[in-house]
Amino acid sequence: MDSFQALDIAQSEFSRRLRAVSDATWEASTPCNTWTVRDLVDHLIMGNIMTVRLLGGASTEEAMEQLPEDRALRAGREPHAAFVDSADEQARAFREPDAMDRTVHHPAMDMAGAQLLGFRTGDLALHAWDLARAIGADEELDGGLVGHVWEGFQPLALFIGDLGVFGTGPSGRVGEDAPLQRRLLDLTGRRP
């Protein structure tokens, strides 16, 4: 599976669960600390928008400065449509000529577009599971996607817990013989 296919599948995995969100579950807790379902969806939409801006040459400050306004503008939009629109824009931006080689000024660090693509794919995939857990939907992610994300995150195993975005990192209680999705979730601080 190439990186673009992985992004498309990750977006689809999240979209499928987002369609299952009911009015009663928007304020439900997610596995992401204090985030509700609404916060989680908002995080991904804003990440998609910020990525498009970064790939377009915006500085970190420029990419982030309008995000509160974007949130206000989306308040009246149907969330699934807002997600799909932002995800489609992100996918197009990644597929632009030389996008993989561009240096983007992400808040975490400067990185190549290819590295940002890996981060966004992982974010979408892992949060698809978080959303499924929060609303009681199917938690099984596409096996090819899980393998792709695992390849990107596994090299970070020794220090992933120190990054501040994956909880405490791996628990040390999930063996190498466990299903790969369970190992990926554990590596990224999730305890299914």
- prompt: In segment 3-142, with Lys and Arg counted as +1 and Asp and Glu as -1 at Cβ, which of these residues, GLN115, LEU55, LEU44, has the Cα nearest the positive end of the dipole, that is, farthest along it?
  reply: LEU44
field: Sparse-neighbour loop sites [GluC sites (Glu not before Pro); segment 83-187; at most 13 other C-beta within 10 Å; DSSP]
entry: GLU140, GLU176
message: Given the -39500 (n - 2.57) contribution per DSSP H run of 4+ residues, what per-residue ellipticity at 222 nm results for the chain, rounded to the nearest 500 deg cm²/dmol?
response: -18000 deg cm²/dmol
task: Assuming a ≥ b ≥ c are the square roots of the Cα gyration tensor eigenvalues, decide whether segment 118-192 counts as rounded (a/c under 1.5), prolate (otherwise, with a/b larger than b/c) or oblate.
output: rounded
query: To the nearest 20 debye, what charge dipole does segment 3-142 have about its Cα centre, counting +1 at the Cβ of each Lys and Arg and -1 at the Cβ of each Asp and Glu?
result: 140
field: Extension reserve of the GLU96-ALA178 stretch, reckoned as 0.36 nm per residue once the Cα distance is removed
entry: 25.7 nm
task: Sort largest first and round to whole Å: the equivalent ellipsoid semi-axes of the chain, each the square root of five times a Cα gyration tensor eigenvalue.
output: 24, 21, 15
- prompt: Separation between the GLU65 and GLU151 pseudo-spin-labels, each 7 Å from Cα along Cα→Cβ, expressed in nm?
  reply: 3.9
Residue order, fewest to most beta carbons within 10 Å, for MET1, MET46: MET1, MET46
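Values in this text are rule-based calculations from the coordinates and carry no lab data. What you see is a predicted model, and the numbers here were worked out from it, not measured in a lab. Don't worry about glycine lacking a Cβ; one is built from the backbone with ideal geometry, like all the others, and counts go over all protein chains shown.
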